[in-house]
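Visitor: Dropping the structure in here first, questions after.
The values are calculated or read from the model by the stated rules, or taken from the named source; none is laboratory data. All figures in this text were calculated on a predicted structure; none of them were measured in a lab. Cβ placement follows ideal geometry from the backbone for every residue including glycine, while neighbour counts extend to all protein chains displayed. For accessibility, only protein heavy atoms count, side chains too; no ligands or nucleic acids. Shrake-Rupley method; radii C 1.70, N 1.55, O 1.52, S 1.80 Å.
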Amino acid sequence: MGSSLSTLAYQIEPDYYNYTGSYSSTISTACDSYTLSFTPMTQAEIQEVQFWERVDRGEASYDDYWTQDFLLDYQGENPRKYLLLFGSADKRRFASKEEADASMTTISVPVWKLSNGVKTPSTMSLTVHTALAQDVTDIFTEIYNGLGAVPHPRCGRLLLAGSHWTPETAPYSIGPDSSVARIFAEHGWSWGGDAWEWDSDISYGYHDYMRFSYMGG
């Protein structure tokens, strides 16, 4: 009695699931029934749990945390991403344009193009960091294979990111619940539609609906 549902959820939480219910609700009477909601962890979250289990068994140490590959699939910057891109966890940018150019490669990815309202398969060439070439290829391939409908963004006002944004009519607009935003997020990329917003009110903050950032900035 009086215990929070979240406390109860943590006591019975299945392996590799996250509690997604209310944290403020409490058990009021022994006669009431309650529903506890859980969602499966992502593969990266599972790998992180397994890492800490290895730490508990003495098979790894805390110092190994920032070298783990699961961090590559987490949004925002972290030392593992910097190590991937620059060869050092302490390096934040290329020293010169020449160094940056030498780290780039051009890839071809599958895309859908619209012609008179009809989707047609095509390809597009992109120049990306060599270390991200496979990741970007996988992202566009997943979008291409799973994009059953063209996504639309939520209603609101576009701030500081261009003058043309028509969510009700623009077929290439990207929304928070679209497969495009979801797939990029699963690969550790942040979407400009909500990465820099100040709060849930879309009229505040900086929104760039056509931008994805591997470092989240």
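Visitor: Report in % the part of the accessible area of region 1-106 that belongs to carbon and sulfur, leaving out ligands and nucleic acids; probe 1.4 Å. Could you put the intermediate results ahead of the total?
Guide: On the way: 3440 of 6990 Å².
The value for region 1-106 is 49 percent carbon and sulfur by accessible area.
Visitor: With the crude spin-label approximation of a point 7 Å out along Cα→Cβ, what separation in nm comes out for Gln11 versus Asp56?
Guide: Those two pseudo-labels are separated by 1.8 nm.
Visitor: Now for a different question. Rounded, prolate or oblate: which fits region 67-112 when a ≥ b ≥ c are the square roots of the eigenvalues of the alpha-carbon gyration tensor, with rounded for a/c under 1.5 and prolate only if a/b beats b/c? The partial results should precede the final answer.
Guide: Working: a/c = 2.67, a/b = 1.13, b/c = 2.37.
The shape class here is oblate.
Visitor: Which residues does a label at Met41 reach in region 1-20, if reach means a backbone N under 17 Å from a point 7 Å past the Cα toward the Cβ?
Guide: 9-20
Visitor: While we're looking at this one, here's another question. Averaged per residue, what accessible area in Å² does region 1-94 show with a 1.4 Å probe, protein chains only?
Guide: Normalised by residue count, the accessible surface of region 1-94 is 65 Å².
Visitor: Taking Lys91 as the anchor, which lysines have their alpha carbon closer than 21 Å to its alpha carbon, excluding any fewer than eight residues away along the same chain?
Guide: Filter leaves Lys81.
Visitor: Gain in length, Asn18 to Met210, computed as 0.36 nm per residue apart minus the alpha-carbon separation, to one decimal in nm? Intermediate results must be reported in sequence, preceding the final value.
Guide: Details: separation 192, 0.36 × 192 = 69.12 nm, distance 3.00 nm.
Extra length from Asn18 to Met210 when fully extended: 66.1 nm.
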